[in-house]
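Data first, discussion second: the structure below is written as structure tokens.
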Amino acid sequence: MIVDVHSHHVPRGWPDLGWPQAPRLRIDSEREAMILLGDREFRRIQDDCWNPARRLDDMDADGVDVQVVSPTPVFFSYERPAAQAVRVSRIFNDLALEICASERLVPFCQVPLQDPELACAELDRCLAAGHAGVEIGNHVGDRDLDDAGVVEFLAHCASVGAPVFVHPWDMPGGARLERWMAQWLVGMPAETHLSVLALILGGVFDRVPASLRLCFAHGGGSFAFWLGRFENAWHRRPDVIGVSEHPPSHYLDRFSVDSVVFDERALRLLVDTFGEDRVLLGSDYPYPLGESPVGGLIREAAFLSDQARAKLLGGNAFRFLDNFLEGES
Ligand code: CO
């Protein structure tokens, strides 16, 4: 079974909530829409964001059996009052279930992560309604993944067995980063790298149960490439140790990463670093920075054994999704 753990949706029926700077959708035709932030055009999208028939056709063309369908991060709304984020999450998550009526489309919900109690409640509601897990942004304003409230939510995910997909978002701006898609090309990998660092140095892996299933987008960002620098700093600079009980390399079996890195040398580094059980096919479908055809890099990677290739294409995702796919079959 081929499983793509990293794709996004935007529901066509997304309503205009009338809040300043809230994400809105302008439907331009049957096949095209524009995501707006307030009055600013953010991203043009196609019907592959919301049309399940189109998604299933594309999956058939690429030989993908199952797709995990996550929210598009610009809708997370963590910067808003929690009550507004609850409303956004509920609407978005309920519309996701309509898109994911096929058992080949597996919905992940979003939660109001700025309020752990409300986030846990929304996750529970969604799991009961048919969601298989949750996608979270990699930070909540200035709070990283070692924030007490976020850790409370992660511990809850472990206790209810919900897999967590961590996606970078809300990248730093400014003149130097707002050219050339630099927020996506440099900011996103750095954001993800920072999140893994916060989980390790903030002692989160020492506190949350090892049963927590975490997967980071985009191959874990720049983390794997700079693990040696991190490891060296941990040993030689006590001010870098934070509260982690062990050096960074100790925690490599506590999370997984997806495969959307576009380069066989990068994929090989991920498999060498995390092991062939902890790299999962992800594509970032249907966006332009996603892999097309989905899974092409893994299928063609010469260094992978057939057994390892099968794990990356689906076996590892099956474990990540755990109870959900077993419940489906
Ligand atoms: Co993505």
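The values are calculated or read from the model by the stated rules, or taken from the named source; none is laboratory data. Model, not experiment: these values are computed from the prediction. Heads up, the Cβs are rebuilt from the backbone with ideal geometry, glycines too, and the neighbour counts pull from every protein chain shown. Please note that ligands, DNA and RNA were not included when accessible areas were found on the heavy atoms of the full protein model with its side chains. Shrake-Rupley method; radii C 1.70, N 1.55, O 1.52, S 1.80 Å.
Couple of notes before you dig in:
- Counting all C-alpha pairs of the range 1-78, share separated by more than 14 Å (%): 64 percent
- Any cysteine of the chain lacking a neighbouring Cys Cβ under 4.7 Å - listed by number: Cys49, Cys100, Cys120, Cys157, Cys215
- When peptides 35-42, 218-225 are ranked by their average number of other Cβ atoms within 10 Å per residue, the highest-first order is 218-225, 35-42.
- Kirkwood-Stokes translational diffusion coefficient of the chain, alpha-carbon pairs, 20 °C, 1.002 mPa s, µm²/s: 107 µm²/s
- Diffusion coefficient, µm² s⁻¹, Stokes-Einstein with Kirkwood Rh over alpha-carbon pairs of the range 76-151 at 10 °C and 1.306 mPa s: 126 µm²/s
- Using the Cβ-Cβ distance between Met1 and Arg54 with R0 = 25 Å, the FRET efficiency computed as 1/(1 + (r/R0)^6) comes to roughly 0.70.
- Summing Lys and Arg as +1 and Asp and Glu as -1 over all other residues whose Cβ lies under 12 Å from the Cβ of Glu41 gives a net charge of +3.
- Distance histogram for the range 141-296 (every C-alpha pair counted, 10 angstrom bins, percent rounded to whole numbers): 10, 38, 37, 14, 1
- Of the residues Cys49, Pro71, Ser89, the one whose Cα sits farthest toward the positive end of the charge dipole of the range 32-92, with +1 on the Cβ of Lys and Arg and -1 on the Cβ of Asp and Glu, is Ser89.
- Evaluated at q = 0.18, 0.21 Å⁻¹, a Debye calculation over the C-alpha positions of the range 179-264 (equal weights, vacuum) places log10 I(q)/I(0) at -0.80, -1.03.
- The orientation-averaged shadow of the Cα convex hull for the range 212-329, equal to a quarter of the hull surface, comes to 8.7 nm².
- Beta bridges per DSSP, both residues in the chain: antiparallel share near 35 percent.
- Each Lys and Arg Cβ is given +1 and each Asp and Glu Cβ -1; about its Cα centre, the range 246-329 then shows a dipole of about 160 debye.
- Protection proxy ranking of 170-176, 78-84, 270-276 - average other beta-carbon atoms within 10 Å, highest first: 270-276, 78-84, 170-176
- The simple spin-label model puts a point 7 Å past each Cα toward its Cβ; for Ala302 and Asp322 those points are separated by 3.9 nm.
- Dipole magnitude for the chain: about 540 debye, using +1 per Lys or Arg Cβ and -1 per Asp or Glu Cβ, origin at the Cα centre.
- Computed from backbone phi with θ = phi - 60° and the Karplus coefficients 6.51, -1.76 and 1.60, the 3J(HN,Hα) list for the range 50-61 is 10, 9, x, 5, 4, 5, 5, 4, 5, 5, 4, 5 Hz; x is used for glycine and proline.
- Accessible area of the chain belonging to carbon and sulfur atoms, whole % at 1.4 Å probe: 52 percent
- Solvent-accessible surface (1.4 Å probe) assigned to His139 amounts to roughly 20 Å².
- Relative contact order computed over the range 132-280 (Cα-Cα under 8 Å; 6+ residues apart), in percent: 23 percent
- Ranking Phe274, Val106, Val243 by Cα position along the charge dipole of the chain, where only Lys, Arg, Asp and Glu carry charges on their C-beta atoms, puts Val243 farthest toward the positive end.
- Using a probe of 1.4 angstrom and keeping all protein chains present, the accessible surface of the chain works out to 43 square angstrom per residue.
- Placing +1 on the Cβ of every Lys and Arg and -1 on the Cβ of every Asp and Glu, with no other charges, gives the range 169-283 a dipole of roughly 240 debye about its Cα centre.
- Computed over the chain: relative contact order in percent, which uses C-alpha pairs under 8 Å that are six or more apart: 16 percent
- Taking every protein chain into account, the 1.4 Å probe leaves Asp146 with about 60 Å² of accessible area, to the nearest ten.
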